[in-house]
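What follows is a set of notes on a single structure, which appears directly below.
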Amino acid sequence: MKIIAFGGSPSKNSINKKLATYAASLFENAEVEILDLNNYQMPLFSVDVEAEIGQHELAKAFLAKIESADFLVVSLAENNGNYSAAFKNVYDWCSRITGKVFQNKPMLLMATSPGARGGASVLEIAKNAFPRYGADIKATFSLPSFDANFDVENGKIANPEFDNQLREIVKSLGS
């Protein structure tokens, strides 16, 4: 099984990329590829820019990565209660190429944040929107208070309760 995982943030130290990387590592016998949104920086989407340059090659490349996956692990950053601008821009460019951005791939959808709500707002938005764009959301997971609950040095969830929750979710997904 090939897993494509990414965090919905362009931060070089993205906590969501760290969570997605850890979650993907829990799947047994999987080939995992971690995407970095910084490799998909495009001009801010507008119909005017699209008319000028056409479909962006990086959007096509992102969609090709999604197509290559058997399973998606996505952890979204929450900026002011919504997607990060970087993720939204990739999403917007891709949705102009195909309405089924996530290509009916099964997905573990997650979020984390430094706050106690763990990205709950963006997770709820994505849970409602992504299926319309071809996401087959199999499970969701939110990690609150990232700094207190994730061991950055070892790249894993430090809080046993949350770690067990995520491990049970992955196990239920067939890993």
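The values are calculated or read from the model by the stated rules, or taken from the named source; none is laboratory data. What you see is a predicted model; the values in this text were computed from it and never measured. With ideal geometry, Cβ positions are generated from the backbone for all residues, glycine too; neighbour counts draw on all protein chains shown.
For this structure, a couple of remarks:
- Residue tally, condition buried (at least 24 other Cβ atoms within 10 Å of the Cβ) and of a type in the set (Lys, Arg), over the range 101-117: 0
- Residue within the range 50-73 that is at pLDDT 95 or above, under 14 Å from residue 16 (Cβ atoms), under 15 Å from the mean Cα position of the chain (by Cα) and crowded, with 16+ Cβ neighbours inside 10 Å present: yes
- Residue within the range 35-51 that is within 22 Å of residue 155 (Cβ to Cβ) and touching a strand residue (DSSP E or B) at 6+ places or on another chain (Cβ under 6 Å) present: yes
- Among the candidates 81, 8, the residue that is surrounded by 19 or more Cβ atoms within 10 Å (Cβ to Cβ), within 18 Å of residue 143 (Cβ to Cβ) and touching a helix residue (DSSP H, G or I) at 6+ places or on another chain (Cβ under 9 Å) is uniquely 8.
Residue-wise test of (1) modelled with pLDDT of 95 or more; (2) surrounded by 18 or more Cβ atoms within 10 Å (Cβ to Cβ); (3) among the charged types (D, E, K, R).
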| residue | (1), (2), (3) |
| --- | --- |
| 123 | yes, yes, no |
| 127 | yes, no, yes |
| 130 | yes, yes, no |
| 136 | yes, no, yes |
| 145 | yes, no, no |
| 152 | yes, no, no |
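- Within the range 43-59, residues that are closer than 18 Å to residue 101 by Cβ have Cβ atoms under 6 Å from residues that are among the charged types (D, E, K, R) and surrounded by 11 or more Cβ atoms within 10 Å (Cβ to Cβ) in these pairs: 45/92, counting only partners at least 6 apart in sequence or on another chain.
- Odd one out for residue 98 among (1) surrounded by fewer than 22 Cβ atoms within 10 Å (Cβ to Cβ); (2) of a type in the set (Val, Ile, Thr); (3) in contact with a Ser or Thr (Cβ under 7 Å, 6 or more places away or on another chain): (3)
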